[in-house]
Amino acid sequence: MSLNFEYPNDYLSYINNLKDNEINSENGYIELFPLNELEAINKEYETQKLVPNFIAIGTNGSGVGIFINKENSNIYSIPFVGMEESDAVLLAESFSEFIYKFENDDMEII
C-alpha cells in the first residue's frame, strides 16, 4: 500500500523536528506517529479501505485517531473503532492551527 500523498510543509517541518512523539497540554495528550511508520500504521488500521480520503497521523491515546484529509490537508479526528468518514470531526484547517489550538486553546480530541 502506498499512501501517495504530499504531506503539508507545516506538518513535515514539525514532525521532522519533533524529539518526542507524545505531546501533553492542559487539553490532554496526543501521540503523533513517526513519519517513517505512517504507511505501516495506515495499513494496519485499513484507512485506505475505511476512510480513503484520510491518512492517520496520530492518536489521542483513547481510541481516537488524528487524520489529515488528503484533499484539503485539514486535520480531523475519527474514532478508530467503527471508523467511517461520516464520523470525521474537523479540528483545524491546517496542521499548524491544530498544534496551536491543542497547545493553547480548549481543544479536546474526543
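Odds and ends about this structure:
- A Cβ distance below 7 Å, combined with a sequence gap of six or more or placement on separate chains, defines the contacts here; from segment 97-108, residues that are surrounded by 16 or more Cβ atoms within 10 Å (Cβ to Cβ) reach residues that are at pLDDT 90 or above in the pairs PHE98/ILE75; PHE98/LEU91; PHE98/ALA92; ILE99/TYR14; LYS101/ALA92; PHE102/ILE30; MET107/LEU91; MET107/LYS101.
- Residue that is part of a helix (DSSP H, G or I) and either exposed (fewer than 12 other Cβ atoms within 10 Å of the Cβ) or more than 14 Å from the chain's Cα centre (by Cα) (or both), where the choices are GLU37, GLU6: GLU37
- From ASN42, ASN24, residue being without any contact (Cβ under 8 Å) to a residue 40 or more places away in the chain and not in a loop (DSSP other than H, G, I, E, B): ASN24
- Hits in segment 74-96 (condition: buried (at least 19 other Cβ atoms within 10 Å of the Cβ) and polar (S, T, N, Q)): ASN74, SER77
- Residue within segment 53-65 that is aliphatic (A, V, I, L, M), modelled with pLDDT under 95 and under 11 Å from the mean Cα position of the chain (by Cα) present: no
- Subset of segment 9-30 that is at negative phi and surrounded by 15 or more Cβ atoms within 10 Å (Cβ to Cβ) - its residue that is farthest from the chain's Cα centre (by Cα): ASN27
- Within segment 66-93, the only residue that satisfies the criterion of being of a type in the set (Ser, Thr, Tyr), outside any strand (DSSP E or B) and under 11 Å from the mean Cα position of the chain (by Cα) is SER73.
The values are calculated or read from the model by the stated rules, or taken from the named source; none is laboratory data. On a predicted model such as this, the values are computed, not experimentally measured, just so you know. With ideal geometry, Cβ positions are generated from the backbone for all residues, glycine too; neighbour counts draw on all protein chains shown.
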